[in-house]
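Student: Please find one structure pasted underneath; my questions will follow.
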Amino acid sequence: MAPSASAFTEMAWVVTGPTSGIGYRTALELAAHGTVILVGRSRAKLDDVEREIRSGGGNAVSVVADLSDVVSARSAATEIAALGMPIAGVLNNAGIMPLRPFTSVQGWDGAFATNHLGPFALTEALIPSLPDGTNVVFITSAVEDPERRIAVAAGFRGSRYISADASARGDWLSPGGSKLPGADAYASSKQGNLVTALAFAREFPRLRFNAVEPGVNPGSNLSRDSSVAVRLLAKYVISPIAPLFKYFTTPKRAAKVITTVLVNRSDSTGVYFDEKGRPMRGSVDAESPAFQDRYVAETRALLRTVPVDDLPSA
Ligand SMILES: NC(=O)c1ccc[n+]([C@@H]2O[C@H](COP(=O)([O-])OP(=O)(O)OC[C@H]3O[C@@H](n4cnc5c(N)ncnc54)[C@H](OP(=O)(O)O)[C@@H]3O)[C@@H](O)[C@H]2O)c1
């Protein structure tokens, strides 16, 4: 679908994972602030969101990309840059929390690839075409912190990052194997989002990089691998009362907080916001610039093993 002529004169906002949950709600919110560049893996689902934004009087364009595939992520950056739109913000939101491990196109742990490697590759490839002051926001998760009590109670043990190579192999520092490889992969990859935001904020001072922990959202589809009973309970019983509990929220509320962080025109960079939009602390590792730089350097070294001129798979 072609955007209307006025679309190219207003600010544009890139949103990954706009077809469900938090990203979907944020895309609808951002439509009030300019054109939304929707980045997702399903053309049909993107068309639905695009149609909904247009029917509300907004503008949207879609770019199809599978973020578990680094080549597809880089190709999306090229496509976004070719749109020639004045990008004001980028929301790295797409993410998964699979119960069981799987392997990406590049042969890497699927959750680590989808949550960290793909968004990292997309962002790095997009940086040269971002105007000064662009606000790049990464949606992370506090489960990266082994001291986060609510996450530990839910079975997480914080990030298990050893190195980017080890994470790509699905090695979560568990002699004899990980009991919950999905949780370990999720926590370690979400730490990747946080350290990327904090390291890039130092590395690219002409841009802004911030991170948001969006709160516990039982109303999203992140737990889509759970049993039908758990999903129904989460969506229809817990989600309506979620805001009554500490750390819990709804995709609609989370979207408002994320939109506020994204459209904020202050100079704030390198800030990690909680589900209410207040600055919060990450894990000890994530807050260490030396650790952030190691994580980023190892990620870059791993991504260099995939040549930049590789073509996306058909
Ligand atoms: N829900 C929570 O409690 C919670 C808490 C902390 C952090 N977060 C973070 O919030 C973000 C959004 O999650 P959510 O809760 O809104 O989950 P969700 O409802 O499952 O939405 C995830 C989005 O990511 C997209 N996506 C998944 N794999 C992709 C891939 N390979 N390539 C491109 N897009 C892909 C999905 O696309 P499809 O529609 O095609 O599947 C969907 O649009 C994630 O980064 C998550 O880690 C969530």
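Student: Only one of these is assigned to a loop (DSSP other than H, G, I, E, B), touching a helix residue (DSSP H, G or I) at 6+ places or on another chain (Cβ under 8 Å) and of a type outside the set (K, R): P146, P175, P205, P119. Name it.
Tutor: Details: P175 fails: touching a helix residue (DSSP H, G or I) at 6+ places or on another chain (Cβ under 8 Å); P205 fails: touching a helix residue (DSSP H, G or I) at 6+ places or on another chain (Cβ under 8 Å); P119 fails: assigned to a loop (DSSP other than H, G, I, E, B).
Checking each option against the conditions leaves just P146.
Student: Looking at K256, K246 in this structure, which one is in a loop (DSSP other than H, G, I, E, B) and over 26 Å from E124 (Cβ atoms)?
Tutor: K246
Student: Quick one: count up the residues across region 236-264 that are over 21 Å from the mean Cα position of the chain (by Cα) and charged (D, E, K, R).
Tutor: Summing the residues that are over 21 Å from the mean Cα position of the chain (by Cα) and charged (D, E, K, R) in region 236-264 gives 1.
Student: If you don't mind, another one. Please tell me if G133 is under 28 Å from F291 (Cβ atoms), assigned to a loop (DSSP other than H, G, I, E, B), away from the ligand (no atom under 15 Å from the Cβ) and over 16 Å from the mean Cα position of the chain (by Cα).
Tutor: yes
Student: Out of A31, A44, A94, A65, report the one residue that is touching a strand residue (DSSP E or B) at 6+ places or on another chain (Cβ under 8 Å) and farther than 25 Å from P307 by Cα. Working first, answer last.
Tutor: On the way: A44 fails: touching a strand residue (DSSP E or B) at 6+ places or on another chain (Cβ under 8 Å); A94 fails: farther than 25 Å from P307 by Cα; A65 fails: farther than 25 Å from P307 by Cα.
After applying the criteria, what remains is A31.
Student: Here's another thing I want to ask about it. Can you give me the ranges of the helices (runs of 4 or more DSSP H) entirely in region 1-108 with at least 3 residues that are over 19 Å from the mean Cα position of the chain (by Cα), within 13 Å of the ligand (Cβ to nearest atom) and surrounded by fewer than 23 Cβ atoms within 10 Å (Cβ to Cβ)?
Tutor: Numbers: elements: 21-30, 43-55, 70-82.
Result: 43-55.
Student: Looking only at region 226-242, count how many residues are within 19 Å of E213 (Cβ to Cβ) and either touching a residue at least 24 places away in the same chain (Cβ under 8 Å) or more than 13 Å from the ligand (Cβ to nearest atom) (or both).
Tutor: Of the residues in region 226-242, 1 are within 19 Å of E213 (Cβ to Cβ) and either touching a residue at least 24 places away in the same chain (Cβ under 8 Å) or more than 13 Å from the ligand (Cβ to nearest atom) (or both).
Student: Go through (1) away from the ligand (no atom under 12 Å from the Cβ); (2) within 18 Å of the chain's Cα centre (by Cα) and name the single condition A290 misses.
Tutor: Exception for A290: condition (2).
Every read-out reported here was derived from the displayed coordinates using simple, explicitly stated rules and does not represent laboratory data. What you see is a predicted model; the values in this text were computed from it and never measured. So basically every Cβ, Gly included, is an ideal-geometry build from the backbone, and we count neighbours across all protein chains shown.
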